[in-house]
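So the structure is just underneath, and the comments pick up after that.
The values are calculated or read from the model by the stated rules, or taken from the named source; none is laboratory data. These numbers come from a predicted model, not from an experiment. Reconstructed Cβ throughout: ideal geometry from the backbone, glycine too, with neighbour counts over all protein chains shown. The protein model used for the area step is the full one, side chains on, heavy atoms only, and it has no ligands, DNA or RNA in it. Shrake-Rupley method; radii C 1.70, N 1.55, O 1.52, S 1.80 Å.
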Amino acid sequence: MHTLGIVLIIIGIFYSYMIILRPPWLLNNFKVKTMIKMMGLKGFWIFFVCWTILVLGLGILFVTIY
């Protein structure tokens with residue numbers, strides 16, 4: 001579980017950088033364009049931030065508990 005926690009923390013940090021930088025290749029992805037059509041741009045970023053918080057939180061939880 002400790003290894004899983006470290007992997008989740010690394011993924012969460014990567015997601016955080018994508019939120020901060022907002023790379024154009026992310027917004028031009030077919031799946032992302034579909035999500036933006038369904039949720040709107042603001043809804044997509046809210047979802048992405050919540051997903052990042054969840055991944056980082058679980059990673060920190062796994063590292064500290066196990």
Every residue from the range 8-66 that is assigned to a helix (DSSP H, G or I) and of a type in the set (S, T, N, Q):
Ser16, Thr34, Thr52, Thr64
Verdict on Leu8 being under 12 Å from the mean Cα position of the chain (by Cα), surrounded by 13 or more Cβ atoms within 10 Å (Cβ to Cβ) and touching a residue at least 40 places away in the same chain (Cβ under 8 Å)
yes
Filter the range 19-44 for residues that are among the basic types (Lys, Arg) and more than 21 Å from Val55 (Cα to Cα); the one that is farthest from the chain's Cα centre (by Cα) is Lys37
Filter result for Ile19 (open to solvent by 60 Å² or more (accessible area, probe 1.4 Å) and either more than 26 Å from Met1 (Cβ to Cβ) or not charged (D, E, K, R) (or both)):
no
Return the residues of the range 1-42 that are over 30 Å from Leu61 (Cα atoms) and basic (Lys, Arg); say none if nothing qualifies.
Lys33, Lys37
Do the conditions hold for Leu58, that is, is it in contact with a Gly (Cβ under 8 Å, 6 or more places away or on another chain) and surrounded by 12 or more Cβ atoms within 10 Å (Cβ to Cβ)?
yes
